[in-house]
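Below is one structure, written out as structure tokens, with a few remarks after it.
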Amino acid sequence: AHEVKNPLMTLSMGADYFLQRKPANDDETALLQDMKEAVHRASNIINLMLDFSKPRPLQLTDEDLNAVIENSLNLVRHQLFQQRINVVRQFQPGLPPVPLDRSRMEHVFLNLITNAAQAMAGGGTLTIRTALHEANDSRLGEMPQVTAEIEDTGPGIPDSMFGRLFEP
């Protein structure tokens, strides 16, 4: 992990350097920001692999679920564009903050979005919904429930794969 993270840090510092030099146009700024986000994502993946071998405790903070999903979408927006995937956002505004580990949840959404994109190789529609529901589980008391749903126009998961969905 250390040997991979050092070059990533160098790339991140290089992108910061060029961002501070005021790129010539908005496209260059966007490209440098994308590079920084890709480096950040790679670093998070390394951390998640380390967590898999030695899990770390959750770092729960109150987060805006819509913003967490939007950040995950931004990380793969070029891939979605290149694959001709139309993203439909049906985000309920004004959701209450949700206690979650932001990095891990962004990774979960990133995996779901990437898997959906791979299932729609010829293009398609990815719909992401968030919603607020009144508590309907007596164990949760009066706490409202915030949900996220991801739907794609791909062929679906074959029945033979359902038993392996949660394998590492």
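Rolling a 1.4 Å probe over the protein heavy atoms leaves THR61 with an accessible area of roughly 60 Å². I need the shape label for region 1-81. Rule: rounded when a/c is under 1.5, else prolate if a/b > b/c, else oblate, with a, b, c from the alpha carbon gyration tensor. Judged from the Cα gyration tensor, region 1-81 comes out oblate (a/c at least 1.5, b/c at or above a/b). HIS133 exposes around 70 Å² of accessible area when a 1.4 Å probe is run over every protein chain in place. Taking every protein chain into account, the 1.4 Å probe leaves ARG56 with about 60 Å² of accessible area, to the nearest ten. Note on Kirkwood radius over Cα pairs in Å: of the candidates (1) 16.9; (2) 17.3; (3) 18.4, the value calculated from this structure sits at (3).
Ordered by solvent-accessible area of protein heavy atoms (1.4 Å probe), largest first, the residues VAL146, VAL39 come out as VAL146, VAL39. Highest mobility in the GNM of the chain, judged by mean-square fluctuation with C-alpha springs under 10 Å and restricted to GLU106, GLU28, GLU134, is found for GLU134. Ordered from largest to smallest accessible area (heavy atoms of protein chains, 1.4 Å probe), the residues SER72, SER103 come out as SER103, SER72.
How large is the helix-only mean residue ellipticity at 222 nm for the chain, computed as the sum of -39500 (n - 2.57) over DSSP H runs with n ≥ 4, divided by its residue count, in deg cm²/dmol to the nearest 500? Could the numbers behind the result be given before it?
Values: 5 runs with 82 residues, N = 168.
That comes out to -16500 deg cm²/dmol.
A Cβ-based charge dipole, computed about the Cα centre of the chain with Lys and Arg at +1 and Asp and Glu at -1, lands at about 420 debye. Using Cα positions and a limit of under 29 Å, work out the lysines in reach of LYS22, with same-chain residues fewer than 8 apart set aside. The reachable lysines, counting only those whose Cα sits under 29 Å from LYS22, are LYS5, LYS36.
The values are calculated or read from the model by the stated rules, or taken from the named source; none is laboratory data. Please read all numbers here as calculations on a predicted model, not as lab measurements. Backbone-built Cβ (ideal geometry, glycine too); neighbour counts: all protein chains shown. These accessible areas exclude ligands, DNA and RNA; they are computed on the full protein's heavy atoms, side chains included. Shrake-Rupley method; radii C 1.70, N 1.55, O 1.52, S 1.80 Å.
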